[in-house]
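What follows is a set of notes on a single structure, which appears directly below.
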Amino acid sequence: MATPTRALVIAAHPDDADFGAGGLIATWTSQGCEVTVVCVTDGDGGGFDDKVPRDQVPLIRRAEQQEAARLLGVKQCLFLGRPDGFVEVDRDLRRDLARAIRQVRPEIVVSHSPERNYDFVFLYHPDHLATGAAALAAVYPDARNEFAFPELELPIWKVPQVWQFGGPADNHAVDVTDVFDAKVAACSAHDSQTPMLDRSVEAELRDLLGRTAQQHGLPVGRLAEAYRIIETA
Ligand SMILES: [Zn+2]
């Protein structure tokens, strides 16, 4: 599958892009793709050391995201600053995402799946579902509809493909074995989040990505991320 020239990753919280799609991002940037990451929230409602003043949390998490992005070769990170835990698919969010799409003009948008797998309820944060739904609404119809959001004063843009991660119905696996170290480094940059894991970031990811590779029929020992690719041209 051809590497896009420009891709836009739309994530609910700092760290979602890296845990969800860090291998894909590293693969694409190594092949010359310009990747932009949009974080809808600053992750200010997440678990954290209670000795750290709460008003410092957004700054810390933005800095962690910027460092992770640097490690993956991401061109830029945009932060929408919405309150963590209460993302809704409203007009303002759809406008902000349509703006990002019209500015970046990506061939592929990568985002959360808006669908749950009810066997794993705890994987489906409401912010992830809302962000995935808003991203899809921004792709179709908002960014391509010349009558939507005229206040943006930007030319329309039709995104040909959306890749969703974390959903119940993946249809494509990406072998990320060769960029696994970069994904581990990017995920590990989120220092404020990783103490919540039972094991090291490396061990957690190796297990998860190894299982994903096996489910998609890759050879033993390979590591993969899985996506549902949706044609939106
Ligand atoms: Zn998240």
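Observations on the model:
- With the simple spin-label model, which puts each label point 7 Å out from Cα in the Cβ direction, the Glu204 to Leu154 separation comes to 3.2 nm.
- A DSSP coil position with no more than 16 other Cβ atoms inside 10 Å describes the following trypsin sites (Lys or Arg not before Pro) in region 108-214: Arg116, Lys158, Arg199.
- Qualifying lysines (Cα of each under 29 Å from Cα of Lys158; at least 8 residues distant if same chain): Lys75
- Qualifying trypsin sites (Lys or Arg not before Pro) in region 1-78, where qualification requires a DSSP coil assignment and no more than 12 other C-beta atoms within 10 Å, comprise Lys51.
- When +1 charges are put on Lys and Arg Cβ atoms and -1 charges on Asp and Glu Cβ atoms, the dipole computed for the chain relative to its Cα centre reaches about 580 debye.
- Here is the list for region 121-197: GluC sites (Glu not before Pro) lying in DSSP coil, each with at most 13 other C-beta atoms within 10 angstrom of its C-beta, are Glu146, Glu153.
- Cα radius of gyration and Dmax for region 64-104 (Å): 12.4, 33
- Sites excluded, chymotrypsin sites (Phe, Trp or Tyr not before Pro) in DSSP loops with at most 14 other C-beta within 10 Å, longest stretch of the chain: 148-233
- Inter-label distance for Glu115 and Asn171, nm, one decimal - labels placed 7 Å from Cα along Cα-to-Cβ: 0.9 nm
- Area projected by the alpha carbon convex hull of region 107-233, averaged over all directions, nm²: 9.7 nm²
- Note on the chain: semi-axes of the ellipsoid equivalent to its C-alpha gyration tensor, largest first and rounded to whole Å, are 26, 22, 16.
- Distance between modelled label sites at Arg95 and Thr232, nm, 7 Å Cα→Cβ extension: 2.0 nm
- Report summary: the helix-based calculation at 222 nm, which adds -39500 (n - 2.57) for every DSSP H run with n ≥ 4 and divides by the residues of the chain, gives -11500 deg cm²/dmol.
- Solvent-accessible area per residue, Å², over region 86-233 with all protein chains present [probe radius 1.4 Å]: 51 Å²
- Heavy-atom surface analysis with a 1.4 Å probe gives region 24-142 a carbon and sulfur content of 52 percent of its accessible area.
- Region 125-192 and region 23-63 have Cα centres separated by 14 Å.
- Annotation: amide H of Val38 within the under-5 Å range of Val9, Ile10, Ala11, Leu78, sequence separation 5 or more or interchain, hydrogens built in the peptide plane.
- By the equivalent-ellipsoid construction on the alpha carbon gyration tensor, region 31-134 comes out with semi-axes of 22, 20, 14 Å, ordered largest to smallest.
- Other-chain or far-sequence residues with amide H under 5 Å of Lys158's (modelled H): none
The values are calculated or read from the model by the stated rules, or taken from the named source; none is laboratory data. Just so we're clear, the structure is a prediction, and the values are computed from it rather than from any experiment. FYI the Cβ positions are ideal-geometry reconstructions off the backbone, even for glycines, and counts take in every protein chain you see. Just the protein is used for accessible areas: all its heavy atoms, side chains included, with ligands, DNA and RNA removed. Shrake-Rupley method; radii C 1.70, N 1.55, O 1.52, S 1.80 Å.
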